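The values are calculated or read from the model by the stated rules, or taken from the named source; none is laboratory data. The model shown is predicted, which means the values in this text are computed figures rather than measured ones. Note: ideal-geometry Cβ built from the backbone for every residue, glycine included; neighbour counts use all protein chains shown. We work out accessible area using only protein heavy atoms, side chains counted, and drop any ligands, DNA or RNA first. Shrake-Rupley method; radii C 1.70, N 1.55, O 1.52, S 1.80 Å.
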Amino acid sequence: MGGIRVPKRPRDHIDDGGVHGLIRPGDKARGKRPRTSPSEASDEHVRSGTESERTANDSASDDDQDTVNDDANLERATQVVTRQLRDNEEKQNLPAEQGIIEEIRCTNFMCHEQLTVPLGPLINFIIGHNGSGKSAVLTALTLCLGGKATATNRGQNLKSFIKEGRDSCSLSVKIKNQGSAAFKPDTYGRSIIVERHFNKNGSSGFKIKDVNGKVVTTKKAELEDILDAFALQIDNPMNVLTQDMARQFLNDSSPKEKYKFFLKGTQLEALSNDYAVISNNLDVMESKTLVFNQDIEVLRKQAEAAVAKARRAANLQTMRDREKVLASQAAWARVQEEEEELSKIDDEITHVTGLIKERTAQADSASDQYERANKAFSDANQSIQDQQAELVPVEQEVAELKSKWDDIKKGILKVKTTEREISQKLASKERSIESYEAQIVEHRHRQAEADDGQHAQKMHELEEAKEAYEEAKTRFSNHDDSLPDLTHRLKLAEVEEQKAHNGLLQKQGEIRRSQEKIGEIERGQQSWTDAYPNSAGLSRLVQAIQGERRFRERPVGPIGRYVKLLKPEWSSILERQAGASLNAFVVINKDDQTLLSDIMKRLKCQYPIYIGSNQQIDTAGHEPDSGLDTWMRVLKIDHNLIRNQMIINHSIDQAVLIKDRKKAEDFMQFGGPRRQNVKMCFCMRDGDPTKGHFISFNPQTEARTMGPINEWKFSTRMQADREPQLKAEKSNLDRLRQELRAMQSNITEIQYKVKSRRCDIQNHDKEKRQLKIQFQTAQESVERLESELSAATPNAGMIEQLEEALRDVQNEKDFEEGQYQDTIIEKDKLNAEARGSKSSLEEAQDRLSSLNIALGKAASKADKMARKREEVLREKNRALEEVHAAERNKTEWEQKRGAQLGIVEENTQYAMLISSARVEVPRGETHDSLMKKLDRLVTEREESEKQLGGSEEELLRKANEAKQRHKAKRDDRAEHDRVAHMLKKSLINRKQRWERFRQEISLRARITFTYLLSERQFRGTLQVDHKSQQLDIHVQPDITVVSGAGRQTKTLSGGEKSFSTICLLLALWDAMGSPIRCLDEFDVFMDNVNREISMKMMIGAARRAVGRQFILITPQAMGKVESKDDVKIIRMDDPERGQTALSFSRRGATTTTA
């Protein structure tokens, strides 16, 4: 029979189709792990085998003993169960994936200081002598998983389990958590570790940890959910049989106690208690029915009385009709008075409208004058820019020519000084040469006379050696002449490499900024203020502006907030050109500007402030050709103030956008009629659309100015659609990546070039070392010959010294002559350059002087135009302010008119509610006089109504309310009766199912008990009397004895009694659904024969219960246990002898796999 589990917390759901809290055999619990016990499969066979007899079983009375009326049905069910048990013996006993205990740890618990017990997944025997602390394992398991101290029969509270001499105790249980039914595997992993700590002070707490030991929670509710999910029934006395409970069950329990064990172990007792609570609640509901009936009768009488009183109040209708007439007249009198007030307001609006037209004409005239002055000012500024653009290169040219002229003069002076010094040195060298040559001739003449020709031969060899020496010396000394060139080429290559590396880093930075910008576009800015400097201050400023009531008209800004870019590919260039203007705010008068400036100072948040007008600037007829993109055409501006300021500050209506630089230059140079109304042009830089150029053209001087536009590296302030902006930025990112790949390829080539240059220098050094060796060899040869010659002739050394001195002087002379020729050539060259440089400098200075004069005139004219523009602008602002004042006055009157019109409409609607047709007001009557008459009439009627206790409406309302209360109370009683009926029906259904489950569980237990007895050739029966609540067994030790119903356990021997009770325990375990079974000292009263048979039978039963974990404690040895992988024997250390108290040293356990 399948196990029965009761949820930890009761459910509110009521289902007539099932029993509250009951899991039917073979079904899955809602939210729980699927059952894998083989007993479930056997349950299905039992039900299928007895399906035809289900009606007879359901009708069996609880007053009779739990027997099967039909012997054939019992025999058939016995065959099915026996076949399943035998089939299970052949199945492989595989461990469960979850819900089994992997390890138990104890610290300062009972007699153990430190104890670690690793458990096998299937069958575990914990053995050891008395006093070794075997039973502490089950006690620790019960307490750590939330069991009560009293349930262990070892202590009354947690403090009693702490080791003597210690202040605290710690318990830990590791639970397997794998497979598809694992409990929160993402949180806990493959195992769940439950720790419980308690101390002498009485405090206790839990820690639920994951497989790595990390604390997940400390709530006991989580532990209850874990136990519920794995069906770990720690408080079930049949699930964890402690030493005392096992002794009581196996040896001392009576039939009634066995029956109680049966009900608790199968959880039938918990279900029965729940049904008793439901039955008590039904009794309470029946008692409430009488109260409902009494309340209904009271409400019925109240409703009848209220209806009668409402009927008596019908004769007051005449007085109410008169009240309606007066109320209608008073309401329409109020409408007439408000309409007269509205007429006066209309007269004021007509007067103000005429005044606005007059002042608007004056403002239009002032605006025209301002446009002319502004155009003249713009032209003057443009002239200054053109002059400055022409002036800058000329100034640079003059500075360069002046520097060049100074350098040439210094060079000429230096060359002349050098020429004089070289001339003096040459004269001195001539005199030295003549002296040395005379001395050499004299000494050689003497030598020729002395050695008879041998000296001449030696001299010839010496001359040849010296020539070889000079040649080697020349090659060695001249070899370094090429080193500066090689070093210079290496330096150039290294500079080129560094420059390429810097460019690569810069390009990587551009790619990173582009990626960040794409990320910002995809995520969207957290706040639009993030794009502006001092975003926090800007947020406070905007809030302050919204809350300020002193503005005549609230400022608009920042400008970028109201500008939307339709073509995002121009974003970088236009953001850079707009500059700080997009951060500015715009007001319409000086007072608002002053107030806004004060707010900015107070908030320490400064932005530009412009004064403008709401009247839209008409650009029709002043814009370029419609086929051209202009700055203004790629923008969508939501406010006239913003549009006007962008036109005034940046001429966005006359700034053309052309992507290609060459086309832009050609357009500005040769645009012809299409260039009309174009002040400037923006284009993109070749290969880099984030940078560009601006080109301006002066039609009067035909001067064209071109300048760079750098990349905008900050967040974009202008609004833009997300998709086009994202597409443009991704295209820019692709271009940057292509450029990066090209730069990386170029760096590879440059690095190869640097390596080649370094190899050239290394080869040069190697060749130099070889030349040095040749030079030293030649030098040694000369020295050897000179030594021989000196030994042969006493004067040979003197001749060599003179010749050496002569050669040195001759070389110095040759060098000085070369220097002299170079100096002459350099002097002639510098003189020619001086003449040309002086001429160019004078010409450039003349042009610079002319440009400065023209620039001064242009600046003077611009200052004059600026002052005139300011005067006209003030006049224009004054005129606009007068228009705005008149408009505000009109607006105020229109607001008053709107309010008054609302009053009229409101009073009219109110009057029409009273009387749909307009009522004529009696002459001489007003709203107040009519209301006084109405009040007097109402007072008279109310005095009459007091006698009835209220008006007709009130009495009618009270009557309806009384009837509704009566009806609602009757509906409540009907709903109450319906719920009570459903609960009774559900309770009866559930009790019938409970009885059926009890019958089927007891039937399977009987069959299993008989099967287990037969394994020792015993015969017996399990008798269950539900009426007297007794469970007893009758056993015949000799199966060959046919007569008799068997003997009671009292007449059996100790071993036979223990064996029979073990069979009963295993039969009841077969009906349980928990994944673990624990039993302490089950064989304490058995002899060796019965113990061996019982042990074998328990191991066999455990193997048939596939996936279930067994923890069995015995003080006996396990030498005869069959050795298999599913049996694990844990041997506890023996207690120390010769002591009067338990040892407090470290205690442990030795694990053996049988």
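Listed values, structure above:
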| quantity | calculated |
| --- | --- |
| Within the range 659-678, tally of residues that are buried (at least 20 other Cβ atoms within 10 Å of the Cβ) and outside any helix (DSSP H, G or I) | 1 |
| Test for residue 750: is it at pLDDT 80 or above, more than 30 Å from residue 532 (Cα to Cα), out of contact with any His (no Cβ under 6 Å at 6 or more places or on another chain) and open to solvent by less than 40 Å² (accessible area, probe 1.4 Å) | yes |
| Residue match in the range 205-215 (condition: basic (Lys, Arg), buried (at least 21 other Cβ atoms within 10 Å of the Cβ) and at pLDDT 90 or above) | no |
| Matching residues, the range 216-229, being under 28 Å from residue 163 (Cα atoms) and open to solvent by less than 50 Å² (accessible area, probe 1.4 Å) | 217, 223, 227 |
| The range 592-616 residues that are open to solvent by 30 Å² or more (accessible area, probe 1.4 Å), paired with ones that are of a type in the set (Gly, Ala, Ser) and assigned to a loop (DSSP other than H, G, I, E, B) (beta carbon under 6 Å, 6 or more apart) | 608/584; 610/584 |
| Residue within the range 835-854 that is part of a helix (DSSP H, G or I) and over 24 Å from residue 403 (Cβ atoms) present | yes |
| Residue list for the range 415-435, filter: charged (D, E, K, R) and either under 30 Å from residue 799 (Cα atoms) or at pLDDT 80 or above (or both) | 425, 429, 430, 431, 434 |
| Residue count, the range 628-650 (criterion: open to solvent by less than 60 Å² (accessible area, probe 1.4 Å) and not in a loop (DSSP other than H, G, I, E, B)) | 14 |
| The range 480-515: number of residues that are more than 26 Å from residue 769 (Cα to Cα), surrounded by 15 or more Cβ atoms within 10 Å (Cβ to Cβ) and among the aliphatic types (A, V, I, L, M) | 3 |
| Matching residues, the range 1104-1125, being modelled with pLDDT under 80, among the charged types (D, E, K, R) and open to solvent by less than 70 Å² (accessible area, probe 1.4 Å) | 1104 |
| Inter-residue pairs, beta-carbon under 8 Å, first under 17 Å from residue 706 (Cβ atoms) and in the range 646-661, second open to solvent by less than 10 Å² (accessible area, probe 1.4 Å) and β-branched (Val, Ile, Thr), 6+ apart | 655/630; 656/630; 657/630; 657/634 |
| Unique match (being surrounded by 17 or more Cβ atoms within 10 Å (Cβ to Cβ) and either free of Cβ contacts under 8 Å to residues at least 24 places away in the same chain or touching a strand residue (DSSP E or B) at 6+ places or on another chain (Cβ under 9 Å) (or both)) among 407, 386, 368 | 386 |
| Within the range 712-742, considering residues that are among the polar types (S, T, N, Q) and under 15 Å from residue 687 (Cα atoms), the one least open to solvent (accessible area, probe 1.4 Å) | 732 |
| Test result for residue 583, in contact (Cβ under 8 Å) with a residue 24 or more places away in the chain, buried (at least 16 other Cβ atoms within 10 Å of the Cβ) and within 31 Å of the chain's Cα centre (by Cα) | no |
| Answer residue from the range 251-269, given it is out of contact with any Gly (no Cβ under 9 Å at 6 or more places or on another chain) and open to solvent by less than 10 Å² (accessible area, probe 1.4 Å) and is modelled with the lowest pLDDT among those | 265 |
| Positions within the range 999-1034 being part of a helix (DSSP H, G or I), free of Cβ contacts under 8 Å to residues at least 60 places away in the same chain and closer than 15 Å to residue 1069 by Cβ, in sequence order | 1009 |
| Positions within the range 680-693 being surrounded by 17 or more Cβ atoms within 10 Å (Cβ to Cβ) and basic (Lys, Arg), in sequence order | 691 |
| Some residue of the range 283-293 being open to solvent by less than 30 Å² (accessible area, probe 1.4 Å) and out of contact with any strand residue (DSSP E or B) (no Cβ under 9 Å at 6 or more places or on another chain) | no |
| Residue within the range 164-171 that is closer than 23 Å to residue 1112 by Cβ and part of a strand (DSSP E or B) present | yes |
| Test: residue in the range 538-558 that is farther than 30 Å from residue 882 by Cα, assigned to a helix (DSSP H, G or I), within 29 Å of the chain's Cα centre (by Cα) and touching a residue at least 60 places away in the same chain (Cβ under 8 Å) | yes |
